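For reference, the structure is listed below as structure tokens.
The values are calculated or read from the model by the stated rules, or taken from the named source; none is laboratory data. Note that the coordinates shown come from a computational prediction; the quantities given were computed from them, not determined experimentally. We place every Cβ from the backbone using ideal geometry, glycine too, and count neighbours over all the protein chains shown. Protein only, heavy atoms only, side chains kept; ligands, DNA and RNA dropped before computing areas. Shrake-Rupley method; radii C 1.70, N 1.55, O 1.52, S 1.80 Å.
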Amino acid sequence: MSKKILLINDMAGYGKVALAAMIPVLSHMKYEIFNLPTALVSNTLDYGKFDILETTDYMKNTIKVWDELQFEFDAISTGFIVSQEQTKLIADYCKKKAQKGTIVFCDPIMGDDGVLYNGVEEKTIDLMRELISVADYIVPNYTEAAYLAKMPYQQDGQTEAEYRKMIDTLRNEGAKSVVITSAILKDSKQRAVVGYDHQQDAYFTINFDEIPVRFPGTGDIFSAVFTGNILEGLPVKESAQKAMNVVKKMIEVNVNNVDKYKGIPLEMYLEDLEG
């Protein structure tokens, strides 16, 4: 029987990000997918003009109904959260489900390039710490990991030893396995994914060459492939490597797309998920 995954993230009407990116990927990987949208977004924010409908009341009512119907999930994956109220609601829900054995994945989407995204308040960081405290796997980027670990973001990156300290701080918050994406290695300026696998009690670093083009949604594709591989029983390092391979391949075949703001039209490339 296929495993049931609940995705808690926003849904863009135009553009392949968040739920619109993760649902096709994980469906193709043969998982049974359910979703709880944190917001309905008109289009990816890269266009500069957009509308966002926050869905907190809907989420509260939906969780209440699901509890009454006794719906259970093998895994929950959380992404973009719009408000402090939502963060608390989701943290409480994940905590309750984790006690029943549900595996919790958290992509603590809050910022990039050393700054928080517009609308993300400092208080959200504390609430996000509460959410990662119940997570089995977290996939922050370097900026988010620095905020969550209360360590300074350095433009020229950190040494491997400093990243390990950051990882250990996040593990002390309660997160079991940690994968930091978009890491910059201080001495070499090399880009890398650094992490820790709690099942194998092992740290790892995977170097990669950055492709100088931006597509919104690549982080969501990474999260989805990573989640799918973990649930198939692969170790963290191998799951991260496969997710990196998929993202790289999808960027390479779409690098000349005229409108990059809408993300990668990934339905056409699902066969590339084998990584």
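For segment 152-186, residues that are in a loop (DSSP other than H, G, I, E, B) and open to solvent by less than 20 Å² (accessible area, probe 1.4 Å) total 2. For first residues located in segment 247-275 and farther than 15 Å from Ala224 by Cβ, partners that are assigned to a helix (DSSP H, G or I) and lie 6+ apart or on another chain with Cβ distances below 6 Å form the pairs Tyr261/Asp46; Tyr261/Tyr47. For segment 17-24, the count of residues that are in contact with a Ser or Thr (Cβ under 8 Å, 6 or more places away or on another chain) and either at pLDDT 95 or above or open to solvent by 20 Å² or more (accessible area, probe 1.4 Å) (or both) is nonzero. Taking the listed residues Ile211, Ile221, Ile206, the one that is in contact (Cβ under 8 Å) with a residue 40 or more places away in the chain, aliphatic (A, V, I, L, M) and surrounded by fewer than 24 Cβ atoms within 10 Å (Cβ to Cβ) is Ile211, with no other qualifying. The numbered conditions (1) surrounded by 13 or more Cβ atoms within 10 Å (Cβ to Cβ); (2) within 30 Å of Gln154 (Cβ to Cβ) are all true for Tyr93 except (2). In segment 136-151, the condition of being part of a loop (DSSP other than H, G, I, E, B) and more than 25 Å from Pro235 (Cβ to Cβ) is met by at least one residue. Within segment 98-125, the only residue that satisfies the criterion of being assigned to a helix (DSSP H, G or I), open to solvent by 20 Å² or more (accessible area, probe 1.4 Å) and either under 25 Å from Ala75 (Cβ atoms) or touching a Lys or Arg at 6+ places or on another chain (Cβ under 9 Å) (or both) is Ala98. Within segment 253-264, is even one residue assigned to a helix (DSSP H, G or I) and of a type in the set (S, T, N, Q)? Within segment 253-264, one or more residues are assigned to a helix (DSSP H, G or I) and of a type in the set (S, T, N, Q).
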